[in-house]
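**Q** Encoded as structure tokens, here's the structure I'll be asking about.
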Amino acid sequence: MAKVAMTVNGKAVALELEDRTLLVDALRDALGLTGTHVGCDSTQCGCCTVHLDGRSVKSCSMLAPQADGRAILTIEGLAGIEGPGSGDALHPVQQAFTECHALQCGFCTPGMIMAAAGLLAENPAPTEEEIVHALEGNLCRCTGYVNIVSAVQRAAELMRG
């Protein structure tokens with residue numbers, strides 16, 4: 001068993017987990033944060049994308065003990081970083097996905113939003129090509145990508161004010 005202390009969505013948590021527990025499973029099963037989805041278990045789909053110390057990672061590709069001492073942000077905590085502090089308002093990326101109809105079944109949406117937020121944190125004015133490149137590790141089986149790219153462009157506008 002491994003003792004894992006990390007900050008998840010701004011809150012300190014301490015868990016005792018099997019050494020082989022994937023981060024995605026710790027988030028979903030131990031912490032009840034089911035917005036992070038498991039789509040493939042092989043890093044192909046991106047549904048499990050979260051931010052680790054501010055960078056987008058696929059949480060099915062790392063063990064929870066590797067997150068010891070680190071900061072994790074999931075889709076459940078995203079609104080609090082750009083909203084009024086209470087987490088009641090949508091993050092600009094979430095708002096843009098809604099405005100631009102960039103979701104259909106919603107399964108890939110949390111991973112897409114987290115990947116897009118990661119891109120915009122590093123590059124506040126990405127080109128269409130940069131958006132496509134940044135999202136190529138996230139698969140959508142329903143909507144296609146036109147509205148998703150439009151949503152990221154809209155989110156960039158919202159974040160720039």
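The values are calculated or read from the model by the stated rules, or taken from the named source; none is laboratory data. Please read these numbers as outputs of a predicted model, since none were measured by experiment. In this analysis, Cβ positions are derived from the backbone assuming ideal geometry, glycine residues included, and neighbour counts consider all displayed protein chains.
**Q** All but one of (1) outside the structural domain of residue 138 (by TED's automatic domain parsing); (2) over 12 Å from the mean Cα position of the chain (by Cα); (3) closer than 23 Å to residue 152 by Cβ; (4) crowded, with 19+ Cβ neighbours inside 10 Å hold for residue 23; state the number of the condition that does not hold.
**A** Single failed check for residue 23: (3).
**Q** Given the residues 90, 135, 119, which is the only one that is within 15 Å of the chain's Cα centre (by Cα), at pLDDT below 95, of a type in the set (A, V, I, L, M) and not assigned by TED's automatic domain parsing to the domain that holds residue 8?
**A** Checking each option against the conditions leaves just 90.
**Q** For the range 1-17, enumerate the residues that are exposed (fewer than 12 other Cβ atoms within 10 Å of the Cβ) and either in contact with a Gly (Cβ under 9 Å, 6 or more places away or on another chain) or closer than 13 Å to residue 67 by Cβ (or both).
**A** Residues satisfying the conditions are 3, 11, 12, 14.
**Q** Can I ask one more? Could you list, in sequence order, the residues of the range 134-161 that are surrounded by fewer than 15 Cβ atoms within 10 Å (Cβ to Cβ) and under 15 Å from residue 121 (Cα atoms)?
**A** 157, 160, 161
**Q** Considering only the range 96-108, I want to know if a residue exists there that is at pLDDT below 95 and under 17 Å from residue 57 (Cα atoms).
**A** yes
**Q** Okay, next question. Looking at this structure, is residue 160 under 27 Å from residue 22 (Cα atoms) and basic (Lys, Arg)?
**A** Here the answer is no, as residue 160 does not meet what is asked.
**Q** Being modelled with pLDDT under 90 and either within 15 Å of the chain's Cα centre (by Cα) or aromatic (Phe, Trp, Tyr) (or both) is the filter here, so list the residues in the range 64-87 that pass it.
**A** 79, 80, 81, 82
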